[in-house]
Amino acid sequence: MSSGTLTIPKNTSLFLWNDDLLADDYLIATYQLGVVCDPLDAALGMAMEQCGGIADINGYVSSEFLSAWSVRVHALRFCNENMLSSIQPYFLQNDVYRESPRSNTTFIEIDLAFPLCLLTHSPTQWLNVLIGELPRLGFITSFRLINAKLPKNFGPGPGFGISGILKKFNVNHGPLLCRAMRPAVGLNQETMARLSK
């Protein structure tokens, strides 16, 4: 999605929890939010933002292909405005990210189910996937991640530091920089190579 504009696909099943999914394959994270759109659309928008977002690229990607990598809306509840009163909205004012109106805000609590395969046993990836750029989405006026329990045996952590990363890539000095390709989740190397030609 990667914009302040909320565009929900007609078929949302890829981003909604269903009883065929195995709870042990997911980490459930709970957020408290103020939103200026339909609450379910906000939850779907967040799920889409933190995974593939695009469910179909003709000849490359299908929704079945991305199913195991999709963040899912697990639950949605309304909550008290006072729970969010200490959080300051974050806005960017430019052509892409427009300021959201401060009126007609609905306060909700959302549970998102994150596939463990997205987390790659990495604390850095964990923070990127669970928070990332969610607070800057144009339909969110207040944001708080309140709970995300790590699965057992999660890790390893970044025990080798920058020197270990540089050694792994046979580089004498850093930093190592790269830009994520889009869609950045759930595609194998062969598909990404074909998309990059």
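Every number here is computed from the coordinates shown, using simple stated rules; none is lab data. As the structure is a computational prediction, the values presented were derived from the model and not from experiment. Don't worry about glycine lacking a Cβ; one is built from the backbone with ideal geometry, like all the others, and counts go over all protein chains shown.
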For GLU133 and LEU166, compute 0.36 nm times the residue count separating them, minus their Cα-Cα distance, and round to one decimal in nm.
9.2 nm
What does the extension gain come out to for ALA68 and GLU190, with contour length at 0.36 nm per residue minus their alpha carbon separation?
42.1 nm
Ranking request for peptides 22-30, 39-47, 68-76: highest mean number of other beta-carbon atoms within 10 Å first, then the rest in descending order.
39-47, 68-76, 22-30
Students often check this: by mean Cβ neighbours within 10 Å, which of 129-137, 108-116 ranks highest, and how do the rest follow?
108-116, 129-137
Order of PHE143, PHE78 under a 10 Å beta carbon neighbour criterion, fewest first
PHE78, PHE143
